[in-house]
Amino acid sequence: MTLHAPAPTTPHGGPSLPQERRLVTAIPGPASQALLARKSDAVARGVGMTMPVFVAAAGGGVIVDVDGNSLIDLGSGIAVTSVGNADPGVVAAASAQLEQFTHTCFTVTGYEGYVEVAEALNRLTPGDFAKRTALFNSGAEAVENAVKIARSATRRSTIVAFDHAYHGRTSLTMALTAKSMPYKRGFGPFGAEVHRAPMSYPFRDGLSGAEAARIAIERIERQVETDEIAAVIIEPIQGEGGFVVPADGFLPALGDWARSHGIVVIADEVQTGFARTGAMFASEHFGFEPDLVVTAKGLAGGLPLSAVTGRAEIMDAAHAGGLGGTYGGNPVACAAALAAIAAFEDGLVDRAREIEAIALERLLAAQAGDARIGDVRGRGAMLAIELVDPATGRPDADLTKRVAAAVHAQGVVLLTCGTDGNVVRLLPPLAIGDDLLREALDILCAAIADA
């Protein structure tokens, strides 16, 4: 049964794939159920799935599963496929590189693609100063290397992270991450010398940016001497912690304080980078110039690639041979990244702002008539609604689970987040069409109303 008439395909992704929501079976269908049984027998139990479907094709704003259901994508593989799952430029660039060579290891014999990606990141990241870049595989790996670089540059060891933060699943990045389940429980002990400060969270604390920064700085200074701190690391807009947008002034005040004490400022833009928030990097929304910027996710259009980019004198502090890795800056991923960056610069920043306008109009209208929608927030195509008990204002994780389940059953890929599990997040590909986006928003708002 076709539930939505085919819409025109979008400029970035899957022109051969009809841009429509189409359900031919219940979710999950029989083919996905068979694969779920095989997964149970073959894959470690700790590897979960948000939505119990298996993918056959994807592109633009849709994912087609093995049963033939065409689902609207509001997840982008957790903000990875911002250009779409099958952007023609990314596919062509990666395919051409595959025909040349797949790997040499840049730290053994180099290749131009790595240098070109570094040059692009040096040009695009915030800050008008000399920069250097090093490439890695995942966001967590890049965060770990940013910490290594900061410690090498300062000859200090302590790192400050923030409430609700998420920085990865490795030992050190779990220490930086705030949320226990499912990321930390049972996996300790974690990396040492990590302290935590309160994040600006306007919906919950009601503070100005300046006041929230004062409180955070006082907390830090009570926990540790400033001359022991190598770096503070912060997401300009938090991801897994609930898409928390800090109050204006918070990030610049934090940065000014850190630099006055010789502390490196690291912006984790793994989820917020590359046009996702309606700016090339979320730091730009706040007049925030970090010393180091960590990127991954959207960088290479779905291929694994991450980076640390920052001030040349800090990046060059590590000794020769101290940074690298077997697969870091893989040539195929670098080719894909250059094509993805070209797409971002060819109108996708503006497209993120258009998505924001469409989504906020619909979500704010829903909020006006429903006290359970405590907050609507975000930037660009990184938006969220926080669901609460209207009587107490407390987080309502059960409602959030019911809403997500209802939306999934209607053929929309949707993610939740938040330290308390009560935030619905929207991360559509920037390649999604307006009609498809509006249909998904209608399904979401109806699910909230009916929950």
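The values are calculated or read from the model by the stated rules, or taken from the named source; none is laboratory data. Quantities reported herein were computed from a predicted structural model and do not represent experimental measurements. Methodologically, a virtual Cβ is constructed for each residue, glycine included, from the backbone with ideal geometry; neighbour enumeration extends over all protein chains shown.
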Listing of strands (runs of 3 or more DSSP E) fully contained in the stretch 152-240 that carry 1 or more residues being in contact (Cβ under 8 Å) with a residue 24 or more places away in the chain and in contact with a Pro (Cβ under 9 Å, 6 or more places away or on another chain):
158-162, 229-234
Take the residues of the stretch 175-197 that are charged (D, E, K, R) and closer than 15 Å to residue 220 by Cα: which is farthest from the chain's Cα centre (by Cα)?
193
Filter the stretch 109-151 for residues that are part of a loop (DSSP other than H, G, I, E, B) and aromatic (Phe, Trp, Tyr); which is nearest to residue 191 (Cα to Cα)?
129
Of the residues 13, 61, 75, 89, only one is in contact with an Asp or Glu (Cβ under 7 Å, 6 or more places away or on another chain), within 28 Å of residue 277 (Cβ to Cβ) and at pLDDT 95 or above; which?
61
Which numbered condition in (1) buried (at least 21 other Cβ atoms within 10 Å of the Cβ); (2) not in a loop (DSSP other than H, G, I, E, B) is the only one that residue 82 fails?
(2)
Residue that is under 20 Å from the mean Cα position of the chain (by Cα), surrounded by fewer than 21 Cβ atoms within 10 Å (Cβ to Cβ) and not hydroxyl-bearing (Ser, Thr, Tyr), where the choices are 137, 145:
137
Condition first: within 17 Å of the chain's Cα centre (by Cα), surrounded by fewer than 22 Cβ atoms within 10 Å (Cβ to Cβ) and part of a helix (DSSP H, G or I). Can you find one or more residues in the stretch 327-349 that meet it?
yes
If we keep just the residues of the stretch 395-442 that are aliphatic (A, V, I, L, M), within 20 Å of the chain's Cα centre (by Cα) and surrounded by fewer than 22 Cβ atoms within 10 Å (Cβ to Cβ), which is nearest to residue 24 (Cα to Cα)?
404
Are any residues in the stretch 371-415 in a helix (DSSP H, G or I) and either touching a Cys at 6+ places or on another chain (Cβ under 9 Å) or among the acidic types (Asp, Glu) (or both), and if so, which ones?
398
Out of 184, 131, sole residue that is surrounded by fewer than 19 Cβ atoms within 10 Å (Cβ to Cβ) and of a type in the set (Lys, Arg)
184
If you check 208, 152, 200, 157, which single one turns out to be outside the structural domain of residue 48 (by TED's automatic domain parsing), over 22 Å from the mean Cα position of the chain (by Cα), within 24 Å of residue 287 (Cβ to Cβ) and of a type in the set (Gly, Ala, Ser)?
208
